[in-house]
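Step one of this worksheet: look at the structure below.
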Amino acid sequence: MHFFDYRDDDFCCEGVTLDRVATEVGTPTYVYSRATLLRHLRVFHEAFGQRPHLVCFSTKANSNLAVLRTLREGGAGFDVVSGGELFRVLRAGADPRQVVFSGVGKRPEEIREALAAGILMLNVESHGELLEVERAAAALGTSARIALRVNPEVDARTHPYIATGLKQHKFGIPLADARAEYDFAATLPHLEVCGLDCHIGSQLTTVQPISDAVARVLELYRELRAASFDLRYLDVGGGLGIRYDTEQPPAPPAAVVAVMDRARDEGLTLICEPGRSIVGNAGVLLTRVLYVKRAAGKTFVVVDAAMNDLLRPAFYGAFHEIRPVQRRAAALIRADVVGPVCESGDFLARDRELAEPHPGDLLAVMSAGAYGFTMASNYNARPRAAEIMCAGEDFTVVRRRETYVDLVRGEE
């Protein structure tokens, strides 16, 4: 569910018409719904019920400070994968004891920053990282809380670029090697081994891979518990999908119930790391039609948003629904919706049926709240888009549009 819909023939975010946003802020602009963010987060909390849990929003999906602060106010913790993301969530008011740090390539300084901040735990992904965390903790005179991220060898059945749970992927420690790494971690004096972690991929559209992965890591957990490891946290990752086109992903309660059924009697605090499923349908990319170009029997709708603003269609071949902001009677056409970037791969949609637009019309690219602005760039020296947050009948600019001066800031 989301709070984007037509009022009469005007497409709105909550009570705000997107035509008003374009008039006051310009285009391209990312538009977020505060009510949608909070509702999606609440669904996760309610699914856990009274079971001890922590919903750690996956910051890489959307790291805007206003988005992070909204989710923090709704009771979210955070999953981060870089020192920059850690900086952002702390700036947004996150409780460090509700932050987990994942990622296969943490730099020594990032590990030190995480330990100095006092985060809940580092999800360690290799033998070398165990040694680096031990060195950092020893230098700071502290104890580092860690979990080991285990690769459970489960096929996530998703796009190969966002699958992470098989042995050919760079992430995690192979399940067959995990017991030995836990035994080694227990010998390091500055490590507190307190958790077990797994994550198999993103845009998951069925519960079964999640259930299978949890079953495998719980076998390891029981073996470790029998060996007197005091593990208190089971981090099952995130990755639950959303509907972009015809997908029918399970609702968060179904995924949570699958996890709790597997871990019913283990006495663990469960951690999940949803990103896309919270913020994906809470945002759209607002763009304006520049030209309608017809050539050799092909129609191109040229808009002012491009692959540098929303990379997913070019990078993953991803589908995003495109809606007119002002709905009116119009003939249906088939067209490519493309941007100004000097690449043939710069498209938002290909061979898409849509109501025939005219120059100056506004379009809303749906389901753009996740991996939209966070993957944006300045390619072709294009300033990045503005971001706004709608709440009821009004909105706030939560990131101003970049200027040409911003493009050269820091250069000499």
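What follows draws every value from the coordinates through simple rules; no lab data is involved. Please read all numbers here as calculations on a predicted model, not as lab measurements. When we count neighbours, we look across all protein chains shown, and the Cβ atoms used for this are built from the backbone with ideal geometry, even at glycine.
Which ordering of Cys342, Cys56, Cys390 is given by a fewest-first count of other beta-carbon atoms within 10 Å?
Final ranking by Cβ density, sparse to dense: Cys342, Cys390, Cys56.
Sort 143-149, 278-284, 40-46 by packing, meaning the average of other beta carbons within 10 Å per residue, with the highest value first.
In descending order of packing, they fall as 278-284, 143-149, 40-46.
Taking θ as phi - 60°, what are the ³J(HN,Hα) couplings along region 57-70 by the Karplus curve (6.51, -1.76, 1.60), each to the nearest whole Hz, with x for Gly and Pro?
Taking θ as phi minus 60°, the curve returns 4, 6, 4, 5, 5, 6, 10, 4, 4, 5, 5, 5, 5, 4 Hz for region 57-70.
At a threshold of 8 angstrom on Cα-Cα distance, excluding pairs fewer than six apart, so keeping six or more, what relative contact order does region 103-272 reach in percent?
20 percent
Using the alpha-carbon atoms, what tilt in degrees (0 to 90, nearest 10) does helix 208-226 show relative to the longest principal axis of the chain?
20 degrees
How high is the relative contact order of the chain, in percent, with contacts defined as C-alpha pairs under 8 Å that are six or more residues apart?
20 percent
Just to be sure I understand, if you calculate Cα extents along the principal axes in Å for this structure, which of [x] 66, 47, 36; [y] 58, 58, 46; [z] 69, 51, 42 do you get?
The listed entry that was calculated here is [z].
Using a 7 Å offset from Cα along Cα-Cβ at Phe300, what residues in region 358-392 end up with backbone N under 19 Å from the label point?
358-361, 363, 379-382
Could you put Glu85, Glu343 in order, starting from the residue whose Cβ has the fewest other Cβ atoms within 10 Å?
Exposure proxy ranking, most exposed first: Glu343, Glu85.
Pairing the Cα long axis of helix 175-185 with the longest principal axis of the chain, what angle in degrees results, from 0 to 90 and rounded to the nearest 10?
Helix 175-185 sits roughly 60 degrees off the main axis of the chain.
Using Cβ contacts closer than 10 Å as the measure, can you line up Asp336, Asp79 from fewest to most?
Arranged by neighbour count, lowest to highest, Asp336, Asp79 become Asp336, Asp79.
Once you keep just the Cα pairs under 8 angstrom separated by 6 or more residues, what percentage relative contact order results for region 1-114?
For region 1-114, the relative contact order is 19 percent.
Let's test the formula: R0 of 22 Å, r as the Cβ-Cβ distance of Leu407 and Glu24. What FRET efficiency results, to the nearest 0.05?
It comes to 0.40.
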